2 protein chains.
Amino acid sequence: MAAPHDPAPLEDLLIALARAAGEAALPFFRGDFAQEDKNAGGRFDPVTEADRAAEAAVRKLLAEHRPQDGIVGEEYGAEREDADLVWVVDPIDGTRAFISGLPLWTTLIALRREGRPWLGLIAQPYLGEMFVGGPSGSRLITAAGERPLRVRPCPLLTDAVISTTDPELFSGAEFGAFAQVRDAARLTRYGCDAYAYAMLAMGRMDLVIESGLKPWDWEPLVPVIEGAGGVVRNWRGQAPDARGQIVAAGDPACLEEALVALRRSAK
Amino acid sequence: MAAPHDPAPLEDLLIALARAAGEAALPFFRGDFAQEDKNAGGRFDPVTEADRAAEAAVRKLLAEHRPQDGIVGEEYGAEREDADLVWVVDPIDGTRAFISGLPLWTTLIALRREGRPWLGLIAQPYLGEMFVGGPSGSRLITAAGERPLRVRPCPLLTDAVISTTDPELFSGAEFGAFAQVRDAARLTRYGCDAYAYAMLAMGRMDLVIESGLKPWDWEPLVPVIEGAGGVVRNWRGQAPDARGQIVAAGDPACLEEALVALRRSAK
């Protein structure tokens with residue numbers, strides 16, 4: 001059995017890590033920065049100086065404060081992934097938004113414990129917003145103070161505000177499943193990356209559906225959404241996993257209705 | 001011939017109008033507000049208390065300062081539209097984003113003179129950003145100060161960052177034309193509403209393509225983009241018009257390449 005941990009100082013560190021990442025990334029936002037394509041010849045998959053500077057800032061702080069913990073980061077890979085506690089870092093989720101000048105990119109950080117995301121954070125440095133979640137609940141931290149996050153009831157898909165980042169990211173069969181949910185829903189928003197999950201935790205959206213997510217894309221979201229009373233599942237309705245098909249909902253009834261369509265395209 | 005006008009005091013009023021609209025709308029953002037569907041039975045077309053409060057605030061200020069001018073507003077209709085100067089107001093462009101808690105909705109205001117948009121503004125009150133344009137150029141105004149706006153060169157569509165709000169808003173033939181441009185471009189962003197045009201004026205995006213726009217959706221954009229060195233056209237490559245098919249570009253060469261596809265679906 002793992003040693004007991006007090007979440008409070010680790011949550012403080014989580015916030016400090018996000019602040020360091022934001023301070024590293026923000027000077028590049030809407031400025032000049034080097035960028036390259038991680039998928040040359042295929043679909044444009046950008047990475048920038050800002051992604052790397054932000055992850056390096058997080059790793060530097062972790063090396064100082066928690067050298068015994070593991071780290072999994074999008075840009076610099078995994079170290080000590082079998083440690084009791086593992087920090088999972090996406091320094092800039094939504095690099096395409098970042099490149100386009102849009103303030104909806106986020107820094108995502110989870111603290112994984114016993115193989116599951118235990119604490120999590122979604123931060124938008126330009127807006128000065130941090131959505132932080134853990135066993136004691138979720139909250140939004142801004143310069144103006146803190147307030148609790150709570151999902152809203154939405155039992156019927158027909159009343160739901162739903163979101164996905166890019167309808168082109170779905171495979172053919174996945175797109176059909178998504179389109180069925182979209183056609184039933186009240187309103188669909190595109191292009192939000194992980195910021196959509198923050199809006200779900202805040203009770204402004206009801207359902208977020210994505211596929212192809214990596215662990216650093218979805219692990220940080222889970223504590224924020226669960227701490228706000230919501231659920232995160234794979235397209236089979238099970239705990240999310242490496243297959244990367246993710247559906248998050250504020251209301252379990254709305255989730256069940258969406259799963260009727262999504263299960264048919266579940267990996 | 002119309003009487004000469006000094007743009008400076010009118011630009012000051014334009015900014016004051018946007019500030020009043022923002023102050024009226026912002027308390028509703030992410031709060032509780034009444035909303036209704038303007039298109040009951042069809043595609044969800046929301047209008048909220050916030051849209052109406054923001055337009056009412058603009059109309060109140062105009063009645064005090066410029067009672068002789070005309071007004072065209074999305075929520076409260078047209079008055080004195082044959083006046084020498086006509087204010088064209090979309091109090092909240094992106095009501096769907098507003099409802100979803102996303103800070104990319106904007107207040108759009110143009111001052112139309114001799115039938116053409118002469119001054120224009122795109123404001124995002126939550127971000128505290130105002131993109132203002134006119135004959136003397138375009139600038140971004142924030143709490144930190146002002147800076148000039150300038151489009152960037154991007155002669156090749158293959159290097160372009162492009163945007164449209166919702167691919168579902170296109171008709172079948174329009175979608176085919178858009179898809180051809182999208183497949184050639186480097187990167188596509190969805191869900192930005194008029195904020196995408198601000199990013200174009202800032203040199204972060206290269207091409208924005210939309211259809212079904214009303215005069216209050218596009219007239220305010222024209223002075224901002226033209227003042228930053230860009231172009232706004234209809235899908236035939238002519239001055240934009242009531243048909244509402246709009247394409248904006250930072251680089252005329254990139255526009256020409258896009259028009260090869262768009263012309264085929266031009267109304």
Of (1) surrounded by fewer than 24 Cβ atoms within 10 Å (Cβ to Cβ); (2) modelled with pLDDT of 95 or more; (3) more than 13 Å from chain A (Cβ to nearest Cβ), B:V88 satisfies every one except (1)
Can you name the condition, by its number, that A:A57 falls short on among (1) open to solvent by 20 Å² or more (accessible area, probe 1.4 Å); (2) touching a strand residue (DSSP E or B) at 6+ places or on another chain (Cβ under 7 Å)?
(2)
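A quick yes/no check of all residues on (1) among the polar types (S, T, N, Q); (2) not in a helix (DSSP H, G or I):
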{"site": "B:I15", "(1), (2)": "no, no"}
{"site": "B:A18", "(1), (2)": "no, no"}
{"site": "B:A21", "(1), (2)": "no, no"}
{"site": "B:A25", "(1), (2)": "no, no"}
{"site": "B:G31", "(1), (2)": "no, yes"}
{"site": "B:E36", "(1), (2)": "no, yes"}
{"site": "B:N39", "(1), (2)": "yes, yes"}
{"site": "B:V47", "(1), (2)": "no, yes"}
{"site": "B:V58", "(1), (2)": "no, no"}
Limited to region B:155-176, what total is found for residues that are closer than 20 Å to B:V222 by Cα and open to solvent by 10 Å² or more (accessible area, probe 1.4 Å)?
1
All but one of (1) modelled with pLDDT under 95; (2) open to solvent by 20 Å² or more (accessible area, probe 1.4 Å); (3) of a type outside the set (G, A, S); (4) within 30 Å of A:D166 (Cα to Cα) hold for A:P7; which doesn't?
(4)
Does at least one position in region A:20-31 carry a residue that is under 30 Å from B:T188 (Cβ atoms), among the aromatic types (F, W, Y), at pLDDT below 90 and in contact with a strand residue (DSSP E or B) (Cβ under 7 Å, 6 or more places away or on another chain)?
no
Quick check, is B:R150 surrounded by fewer than 24 Cβ atoms within 10 Å (Cβ to Cβ), away from chain A (no Cβ under 14 Å) and in contact (Cβ under 8 Å) with a residue 24 or more places away in the chain?
no
Checked region A:226-267 for anything crowded, with 17+ Cβ neighbours inside 10 Å, under 19 Å from A:F175 (Cβ atoms) and out of contact with any helix residue (DSSP H, G or I) (no Cβ under 7 Å at 6 or more places or on another chain); matches are A:N234, A:G244, A:Q245, A:L259, A:A266
Mind listing just one residue for me: the one in region A:121-147 that is within 14 Å of chain B (Cβ to nearest Cβ), without any contact (Cβ under 8 Å) to a residue 24 or more places away in the chain and not in a loop (DSSP other than H, G, I, E, B) and, of those, most open to solvent (accessible area, probe 1.4 Å)?
A:R147
Being at pLDDT below 95, more than 8 Å from chain B (Cβ to nearest Cβ) and touching a helix residue (DSSP H, G or I) at 6+ places or on another chain (Cβ under 9 Å) is the requirement here; does A:T165 meet it?
yes
Long-range neighbours under 8 Å by Cβ, at least six apart or interchain, first residue free of Cβ contacts under 8 Å to residues at least 12 places away in the same chain within region A:17-37, second open to solvent by 20 Å² or more (accessible area, probe 1.4 Å)
A:D37/A:F44; A:D37/A:D45
Residues located in region A:95-110, provided they are within 11 Å of chain B (Cβ to nearest Cβ), surrounded by 24 or more Cβ atoms within 10 Å (Cβ to Cβ) and part of a loop (DSSP other than H, G, I, E, B)
A:S100, A:L102, A:L104
Among the residues of region B:80-94, write down those that are assigned to a loop (DSSP other than H, G, I, E, B) and under 14 Å from the mean Cα position of the chain (by Cα).
B:G94
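The values are calculated or read from the model by the stated rules, or taken from the named source; none is laboratory data. All values reported here derive from a predicted model rather than from experimental measurement. Methodologically, a virtual Cβ is constructed for each residue, glycine included, from the backbone with ideal geometry; neighbour enumeration extends over all protein chains shown. Surface accessibility is based on the protein's heavy atoms, side chains included, excluding ligands, DNA and RNA. Shrake-Rupley method; radii C 1.70, N 1.55, O 1.52, S 1.80 Å.
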